[in-house]
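Since the structure comes first, as structure tokens, the remarks are kept for the end.
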Amino acid sequence: MGALSGKTALITGGARGIGRAYALRLAELGANVGIIDIDLDSYKHFAAETENMKARNIIEELKNKNVPAYGVEADVTDVGQVNGAIKKITSEIGNINILIANAGGGVGGLSDGYASSMNPEIFQQVIERNLYGTVHTVTAVIPMMKKSRYGKIVTVSSQAGIQSTPDGSYAHYGSAKAGIIMYTKYLAQELGSYGINVNCIAPGYIGTGRLKEEFEKMGIENITKTIALKRIGTPEDCAGVIEFLTTDLSDYVTGTVIDVGGGCIR
């Protein structure tokens, strides 16, 4: 029996990258796993992700671990799509006990997000993709968690939500991720009496298939010299923290942000 046997976990943005690592780790712990992603085959756009994929997609990978799994393509910025996707998932693999609200990401480049001159349209897209998407997903699963008086919710922020870039760029993304941190803290206070733990993970430089190419352009040495542990993180580094936050190891932890950045100081 795994630590999460009998539990059902939902991961948004779980088709590739860090989200895929979360899904695989929870499956290894025995959880049923549901995935919401705007494209369940998105790994195909990145060579390193394609090389790492062990089946046709994440859903088949999960089923190969002998756990019930179900995936739905949906846009987390759309409330109706989120509600519909969760309805399908719960009908297939059970009510949600664990939520990893991982879907998000940036829009545009660093220069599109300077704090004093953000493009309003891009800023709106980033807020919707990250903060609104998190809120929509949490709102949809809370009723079933309240009813069972149990739940583990993990939101996903970023180093950008904790500390700024030295030149003030990428402020649109950082602002959205900082908003997720405060949303998490308010949720934790509201939901504690229902037996629901709410915490946040803030990854730093993590070497996913998509980001490896960007890091190489930036210069790996330029990045690692800002990191105390002197290396780029892995999706598995983040998955280990997710294991802690979704099992009984963290039963007395709520409203906390765990920095998974290797001691990065920008």
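Only the coordinates and a few stated rules stand behind these numbers; no lab work does. No experiment lies behind these values; they were computed from the predicted model shown. Please note: Cβ atoms are built from the backbone with ideal geometry, for glycine as well, and neighbour counts cover all protein chains shown.
Overview of values
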quantity	calculated
Label-to-label distance, nm, for residues given as residue 56 and residue 116 (7 Å Cα→Cβ offset)	5.4 nm
Net charge over other residues, Cβ less than 12 angstrom from the Cβ of residue 18 (K, R count +1; D, E count -1)	+1
Two-decimal Rg/Rh across the stretch 30-110, once Rg and the Kirkwood Rh are taken from alpha-carbon atoms	0.99
With eigenvalues of the C-alpha gyration tensor scaled by 5 and rooted, the stretch 51-98, Å	22, 15, 7
Positive-pole candidate from 254, 170, 64, dipole of the chain, charges at beta carbon	254
CD proxy at 222 nm, helix term only [per DSSP H run n ≥ 4: -39500 (n - 2.57); per residue of the chain; nearest 500]	-12500 deg cm²/dmol
Between the stretch 181-247 and the stretch 1-59, the Cα center-to-center distance that results, in Å	16 Å
Cα principal axis extents for the chain, largest first, Å	47, 41, 34
Zone of residue 256's modelled label, taken as backbone nitrogen in the stretch 200-242 under 11 Å from a point 7 Å along Cα→Cβ	200
Coil-residue trypsin sites (Lys or Arg not before Pro) of the stretch 114-190, DSSP, other Cβ within 10 Å capped at 16	149
Per-residue HN-Hα couplings for the stretch 70-79 [Karplus 6.51, -1.76, 1.60; θ = phi - 60°; Hz; x = Gly/Pro]	8, x, 9, 7, 7, 9, 5, 7, 9, 4
Set 44/65; 88/152; 185/230; 54/87 screened for pairs whose C-alpha atoms are more than 23 Å apart	185/230; 54/87
Cβ-Cβ FRET estimate between residue 214 and residue 190, R0 fixed at 41 Å, reported to 0.05	0.65
